[in-house]
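For reference, the structure discussed in these notes is given below.
The values are calculated or read from the model by the stated rules, or taken from the named source; none is laboratory data. On a predicted model such as this, the values are computed, not experimentally measured, just so you know. Note that we place each Cβ from the backbone using ideal geometry, even for glycine, and neighbour counts take in every protein chain shown. In case anyone asks, the SASA skips ligands and DNA or RNA and just uses the protein heavy atoms, side chains included. Shrake-Rupley method; radii C 1.70, N 1.55, O 1.52, S 1.80 Å.
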Amino acid sequence: MCRWIAYRGTPLFLETLLFEPENSLVRQSLHCRKAAVTTNGDGFGVGWYGDRDTPCVYRETLPAWNDQNLRQLAHHIRSPLFFGHVRASTGTGTARVNCHPFTLGRWLFMHNGQIGGWGQVRRRLESLLTDDLYTARQGATDSELFFLLLFLHGLEDDPLRAIAATAATVRRTMEDAGVTEPLRLTAALTDGRRIVAVRYASDRQPPSLYWRRRNGQVVIVSEPLDQDNADWVAVEDGHGLLLDEDMADTPFLL
């Protein structure tokens with residue numbers, strides 16, 4: 001299972017959250033605390049917004065703790081909204097195109113979890129994509145495919161409805177294929193203005209997800225960055241968080 005972080009607020013240097021906390025994302029890549037797999041060394045990625053509407057993404061196959069370019073970039077890049085992800089593969093290859101976050105247009109998406117029975121349903125799910133969306137697919141992960149299916153289900157107009165509709169489509173396809181493994185996801189997506197984060201599993205055992213608001217800054221994480229548990233709020237199974245342009249947070253039920 002992977003680990004990830006999403007940030008929205010006053011501009012910060014990326015290293016402030018990626019490297020500096022006691023349980024920073026880079027530390028989690030080597031030894032996370034709230035997952036069955038403690039090491040997330042199958043690549044990493046960061047995506048951030050600056051002066052343009054579309055995001056910039058840096059992804060690599062090295063473990064996050066062993067990439068000096070990441071350390072240099074994180075030291076110099078400051079952004080009001082960024083994503084970070086460290087990957088533990090659930091079966092697809094270690095390649096740059098399989099590293100999160102994924103991007104299309106102004107959108108960023110990252111995911112922790114899996115589509116159960118991926119080998120049994122991959123072809124069926126890919127066949128649902130329009131030609132344009134299929135052409136946009138670069139890697140082989142279930143995460144990227146889930147992201148592209150969001151566009152098919154109206155992501156541009158209603159992100160919350162798109163997430164619910166995509167999850168329903170995936171579950172229906174899994175059932176039709178006789179898959180008994182679960183669909184699990186904690187995922188985040190953003191268009192550079194809003195952030196949507198969701199925690200869900202068809203077997204009611206989703207990966208962990210927390211969030212914190214402090215001094216006008218919101219951080220959403222797979223696991224807390226420190227031991228100050230009073231500040232971190234756990235997202236319940238089947239629930240999500242919508243953070244709008246005015247920094248107002250709206251909980252929702254998937």
Being farther than 17 Å from V121 by Cα, β-branched (V, I, T) and open to solvent by less than 50 Å² (accessible area, probe 1.4 Å) narrows V196, V179 down to just V196
For region 9-22, pairs from a residue that is acidic (D, E) to a residue that is in a helix (DSSP H, G or I), with Cβ under 9 Å and 6 or more apart or across chains, are E15/R71; E15/L73; E15/A74; E15/H75; E15/H76
T190 fails exactly one of (1) open to solvent by 10 Å² or more (accessible area, probe 1.4 Å); (2) within 26 Å of A88 (Cα to Cα), namely (1)
Note on R122: of the conditions (1) open to solvent by 50 Å² or more (accessible area, probe 1.4 Å); (2) assigned to a helix (DSSP H, G or I); (3) free of Cβ contacts under 8 Å to residues at least 40 places away in the same chain; (4) more than 20 Å from C99 (Cβ to Cβ), unmet is (4)
(message) So for region 150-172 (the condition being more than 22 Å from F252 (Cα to Cα) and buried (at least 19 other Cβ atoms within 10 Å of the Cβ)), does at least one residue qualify?
(response) no
Considering only helices (runs of 4 or more DSSP H) wholly within region 1-99, the ones with at least 3 residues that are open to solvent by less than 30 Å² (accessible area, probe 1.4 Å) are 25-31
